[in-house]
1. By its C-alpha gyration tensor, with a ≥ b ≥ c as the square roots of the eigenvalues, how is the stretch 1-47 shaped: rounded for a/c under 1.5, else prolate for a/b larger than b/c, else oblate?
2. Using a probe radius of 1.4 Å on heavy atoms only, what accessible surface per residue do you get for the chain? Whole Å² is fine.
3. Per residue Cα convex hull volume for the chain, in cubic angstrom?
4. Thinking of the stretch 61-120 as a set of Cα atoms, what percent of all their pairs are more than 16 Å apart?
5. With a 10 Å radius around each residue's Cβ, average the other Cβ atoms per peptide and rank 13-22, 87-96, highest first.
6. Counting only protein heavy atoms and using a 1.4 Å probe, what share of the accessible area of the chain belongs to carbon plus sulfur, as a whole percent?
7. Compute the Cα gyration tensor for the stretch 37-93, then decide on rounded, prolate or oblate, letting a ≥ b ≥ c be the square roots of its eigenvalues: rounded whenever a/c is under 1.5, prolate when a/b is larger than b/c in the other cases, and oblate in all that remain.
8. Please name which of Ala28, Thr106, Pro128 has its Cα lying farthest along the dipole of the chain towards the positive end, using unit charges on Cβ (Lys, Arg +1; Asp, Glu -1) and the Cα centre as origin.
Amino acid sequence: MRIGELAARAGTTTRALRYYEARGLLPARRDEKGHRRYDEDDLGLLRQIRMLQDFGFELEETRPFVECLRAGHPQGDACPAPLVVYRRKLAELDALIGQLTAVRETVAGQLRRAERARDELAAEASVPGGPEPVCELGGQRS
């Protein structure tokens, strides 16, 4: 198949395919007229690359998976090198989850503090002679 058909079937652009070719991830085979030619195996490589990128893998991180497929394995993660990449990605994800959990706890604490402050202000406003609540956004009285 030609580059346009491969791009359409893989759900990408011809520009992306040329980039993958330049990076050595996609083979650069040409016919007698100099047109790029691809086969079903190339479509499999692209699907592997796209899936990994959808999961957050950088393009260069897909290389071991592509090389495993090129070595004849039906799955791009059946070789030792992709397992190393998976482990590294899981460690990165675990670190990000830890960071997000800490941020979530901070935001939840801020929300609890703000709700207490609002409740205290509302309680003071209900006391005769207490302050009237003021909207923080516009400075208007509620």
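1. Numbers: a/c = 1.44, a/b = 1.23, b/c = 1.17.
Judged from the Cα gyration tensor, the stretch 1-47 comes out rounded (a/c under 1.5).
2. Normalised by residue count, the accessible surface of the chain is 69 Å².
3. About 172 Å³ per residue, rounded to a whole number.
4. Above the 16 Å cut-off, the stretch 61-120 has 62 percent of its Cα pairs.
5. On the way: 13-22: 15.3, 87-96: 11.3.
Sorting 13-22, 87-96 by mean packing, highest first, produces 13-22, 87-96.
6. In the chain, the share of accessible area belonging to carbon and sulfur is 55 percent.
7. oblate
8. Ala28
The values are calculated or read from the model by the stated rules, or taken from the named source; none is laboratory data. These numbers come from a predicted model, not from an experiment. Note that we place each Cβ from the backbone using ideal geometry, even for glycine, and neighbour counts take in every protein chain shown. Surface accessibility is based on the protein's heavy atoms, side chains included, excluding ligands, DNA and RNA. Shrake-Rupley method; radii C 1.70, N 1.55, O 1.52, S 1.80 Å.
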